[in-house]
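Working notes, beginning with the structure itself.
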Amino acid sequence: MKTVYFDNAATTQVRDEVILEISRALSEYGNPSSTHAIGRSSKSILENCRKEIASIFKVSAAEIIFTSGGTEADNLILNSCVRDLKVTRIITSKIEHHAVLHTIEELSLNYDLKVDYVNLDANGMIDYNHLEKLLNNSSSKTLVSLMHVNNEIGNRIDIKQVADLCKKNNTLFHSDTVQSVGHYNLNLSEIPIDFATVAAHKFHGPKGVGFAFIRKNSGLKPLIVGGQQERGLRAGTESVYAIAGLNKALQISYNNLDEESKYIKSIKNYFKDRLLQELPNSKLNGYCGDDSLSTYTLLNVLLPISSEIGTMLLFQLDLKGIACSKGSACQSGSIGGSHVLAEILSEEDMQKPSLRFSFSTFNTKEEVDYVIETLKNIIQP
């Protein structure tokens, strides 16, 4: 059976070069915190990775803190901002990843924390004027937390504009950049962001590893304690082989960024054009059709079928070897539907199936043709 993987926003295929790099690093078995030669060899790999990653983003190596992924990094930053930096107000949006929204909800139960949500337009883009008003009206210590690229609908905020607004208003700024790192250049020496979060498996690296960018002298304190690893901000022996894989995947992504982004964009646009041609009553959710406001890696599509037919749609596609999703893989099994789509779709459209198709450099136009034909046969038998 033919297999087509269009769920790259959930996780990506690990590159062969990354697997080789992980295998090499696995042979270095020393604990990087040990002072003997075997430990120092692992420490050397760890710190070289840190330096190479920092150089991509034009920051200091000390500002890269390795974690188990984006969720842990989000939790570290948000918890410490409230607990240790005495942030009493957070400005966010209702379409953030649950790693952010659920953490903020939990913090609001345990601290005297005010949470404001920036307005969204009909397609889910933040209202920059409203954000500025919220910032202007802030007399308490405030943190803004807004993701760079939305993981479900692909909307891409102007991260520099938001960072500049925060800087102007003496406000801390955290961005979940899990869906954008490896796909967009981010010069953090020019973007005055305080905190960012990254996960390796979104750019063809291994799962279970990522990092937090934490601006120097931030004052943050660890979420996980028990050792002085990661500049005292994340206790626990580092997964050297996973970090080596992360670094290799990131280096390849940025070395090939222009070529691969152009190719992936062509796959996305080909999918969009064929879909709207063959199933003209379909709609694109968010700003998927606007390259200036959306990532080039995904489409979120509202299909013109009833909820009854839509209930089995993912199952039918899976039987045909097609992998895609209804939204975030982190929400699989949820009966409540997408909180992102609930903010931008009418109740009527929420009853219809919306699918997220997300692309990588390993996809082809032939795969797009197969998926479109399969959808046609299911929807218009």
What distance in nm separates the two pseudo spin-label positions at Lys283 and Glu132, each 7 Å out from Cα along the beta-carbon direction?
3.0
Amide H neighbours of Gly30 at under 5 Å, excluding residues fewer than 5 places away on the same chain, with H built from the backbone geometry, are Ser42
With a 32 Å threshold on alpha-carbon distance, the violating pairs from Lys43/Lys262; Lys221/Lys265; Lys94/Lys216 are Lys43/Lys262; Lys221/Lys265
Between region 238-284 and region 82-156, what is the C-alpha centre distance in whole Å?
27
Need the full-extension length gain, Arg231 to Leu26, defined as separation in residues times 0.36 nm minus the C-alpha distance. One decimal, nm.
71.5 nm
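Taking every pair of distinct Cα atoms and averaging 1/r, then inverting, what Kirkwood hydrodynamic radius in Å comes out for the chain?
Taking every pair of different Cα atoms in the chain, averaging 1/r and inverting gives 21.7 Å.
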Which loop trypsin sites (Lys or Arg not before Pro) in region 192-272, with loop taken from DSSP, have no more than 13 other Cβ atoms within 10 angstrom of their Cβ?
Lys216
Once the Cα atoms of helix 98-110 and of the chain are each reduced to a long axis, what angle between those two axes, in degrees from 0 to 90 to the nearest 10, is obtained?
60
Excluding near-sequence neighbours (fewer than 8 apart on one chain), region 106-168 holds lysine pairs with C-alpha atoms under 19 Å apart numbering 9
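Going by a ≥ b ≥ c, the root eigenvalues of the Cα gyration tensor, does region 173-224 fall in the rounded group (a/c under 1.5), the prolate group (a/b larger than b/c) or the oblate group? Write out the running numbers ahead of the final one.
Numbers: a/c = 2.77, a/b = 1.25, b/c = 2.22.
Oblate is the answer for region 173-224, as a/c is 1.5 or above yet b/c matches or exceeds a/b.
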Quick check on region 16-255: of the DSSP beta bridges with both residues there, what percent are antiparallel, nearest 5%?
45
For Ser139 and Leu257, what is the calculated FRET efficiency with R₀ set at 30 Å and r taken between the beta-carbons, to the nearest 0.05?
0.10
So, R0 is 30 Å and r is the distance between the beta-carbons of Ser33 and Lys216; what FRET efficiency does that work out to, to 0.05?
0.85
Applying the Karplus parametrisation 6.51 cos²θ - 1.76 cosθ + 1.60 with θ = phi - 60° to the phi angles of region 251-257, what ³J(HN,Hα) value in whole Hz is obtained for each residue in order, glycine and proline being reported as x?
4, 5, 4, 7, 5, 10, 4
Restricting to aspartates and glutamates and to Cα separations under 14 Å from Lys320, and discarding same-chain partners fewer than 8 apart, the set is Glu367, Asp369, Glu373
Using alpha-carbon coordinates alone, the radius of gyration and Dmax of region 10-59 in Å work out to 13.2, 40
With θ taken as phi - 60° and the coefficients 6.51, -1.76 and 1.60, list the Karplus ³J(HN,Hα) couplings across region 211-216 in order, rounded to whole Hz; mark glycine and proline as x.
7, 10, 8, 10, 4, 4
Share of Cα-Cα pairs in region 224-312 lying beyond 17 Å, as whole percent:
68
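Quick check: residue separation of Tyr370 and Lys86 times 0.36 nm, minus the Cα distance between them. What number comes out in nm?
Going from the current span to full extension adds 96.9 nm.
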For every other residue with a beta carbon closer than 12 angstrom to the beta carbon of Ser346, add +1 if it is Lys or Arg and -1 if Asp or Glu, then tell me the sum.
-2
Here the FRET efficiency for Ser306 versus Lys167, based on Cβ atoms and R0 = 51 Å and rounded to 0.05, is 0.55
Just Leu299, Leu101, Leu319 to compare: in a GNM of the chain, with alpha carbon springs under 10 Å, which one fluctuates most?
Leu319
Which value at 222 nm does the chain reach when only helices count, each DSSP H run of 4 or more adding -39,500 (n - 2.57), with the total divided by all residues and rounded to the nearest 500 deg cm²/dmol?
-12500 deg cm²/dmol
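Values in this text are rule-based calculations from the coordinates and carry no lab data. Values in this document were obtained by computation on a predicted structure and should not be read as measured data. Here Cβ is always computed from backbone atoms with ideal geometry, including for glycine, and neighbour counts include all displayed protein chains.
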